[in-house]
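The values are calculated or read from the model by the stated rules, or taken from the named source; none is laboratory data. It should be emphasised that the depicted structure is a prediction, and the values quoted were computed from it without experimental measurement. All Cβ positions, glycine included, derive from the backbone under ideal geometry; neighbour counts span all protein chains shown.
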Amino acid sequence: MNVESRVRRMLEELADGAPEVPTERLMTRARRRRRMHRVVLAAVPICVVLAVGGAILAGMTVFSPGPNPGGAGGGREASAAPGECGGPLPAAPVATGPLRIGVDLTVAGARLTGTTTVTNGGADPVSGFTATVPDYFVLSRGRIVTTPAPHRDNAVALDLAPGASKTFPVDVGPADCAQPGARLAPGDYQLVARLSVFTGSSRAETLLQTAPVTFRLV
């Protein structure tokens, strides 16, 4: 019996004699969340997976797919899916609208700080909403070594006159997503910010992505 079947069975057993539990909706949500944060825990009982899922280290989600003897960027699964630990970053969208995004980065000890800025480069106002914080990825040799920290699915208004900008904070603890409790080894890395913006009466989604910004950990 696979993990999903076990979870489904546990939910149904918990629902016995209690108010109806929307099992299918819960499973659908779990599958959606798993696309970007797939938990790979070898030889761990399912109850532990449900209880802990992953550890939070320095503001980053850390899951354990096993030892990583290759150092920074090494030893990860070359076949990992785009957007997941060890995989490549999904291809950057082609910027066709008026919004532009950039990041100003500072390495402060063991953390990355700074600002991400979204600017309306068009001639008309832009109105909509976006997430409170962009998703930040750290890459090494084209592979993801730090995944975005989890954050609430809240939204903030985005109202930009022509030439106006909105800033978002950068506060990233570059932890090794392949090794729980481990910082990234010293070396050169790249930070990429991704932010979804919903604009217009139809709330059409525009995915903004910064160019990689190289930084060095010592």
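Here GLY102 fulfils each of the conditions (1) touching a residue at least 60 places away in the same chain (Cβ under 8 Å); (2) in a loop (DSSP other than H, G, I, E, B); (3) surrounded by fewer than 19 Cβ atoms within 10 Å (Cβ to Cβ) apart from (2). The residues listed here are ASP176, ASP171, ASP153; of these, the one that is among the acidic types (Asp, Glu) and either buried (at least 21 other Cβ atoms within 10 Å of the Cβ) or touching a helix residue (DSSP H, G or I) at 6+ places or on another chain (Cβ under 6 Å) (or both) is ASP176.
Of the residues making up segment 198-218, those that are assigned to a strand (DSSP E or B), in contact (Cβ under 8 Å) with a residue 12 or more places away in the chain and farther than 23 Å from THR113 by Cβ are PHE198, THR199, THR206, LEU207.
When you check GLY86 against the structure, is it among the small types (Gly, Ala, Ser) and in a strand (DSSP E or B), yes or no? No. Taking the conditions (1) over 18 Å from the mean Cα position of the chain (by Cα); (2) assigned to a strand (DSSP E or B) in turn, PHE137 satisfies each one other than (1).
Remark: ALA164 falls outside the filter, which requires a residue to be under 14 Å from LEU89 (Cα atoms), touching a strand residue (DSSP E or B) at 6+ places or on another chain (Cβ under 6 Å) and at pLDDT 95 or above. Considering (1) at pLDDT 95 or above; (2) surrounded by fewer than 19 Cβ atoms within 10 Å (Cβ to Cβ), the lone condition that PHE137 does not fulfil carries the number (2). Just give me the residues in segment 146-188 being touching a Phe, Trp or Tyr at 6+ places or on another chain (Cβ under 6 Å) and not in a loop (DSSP other than H, G, I, E, B), in sequence order. Residues satisfying the conditions are ALA155, ALA157, LEU158, VAL172.
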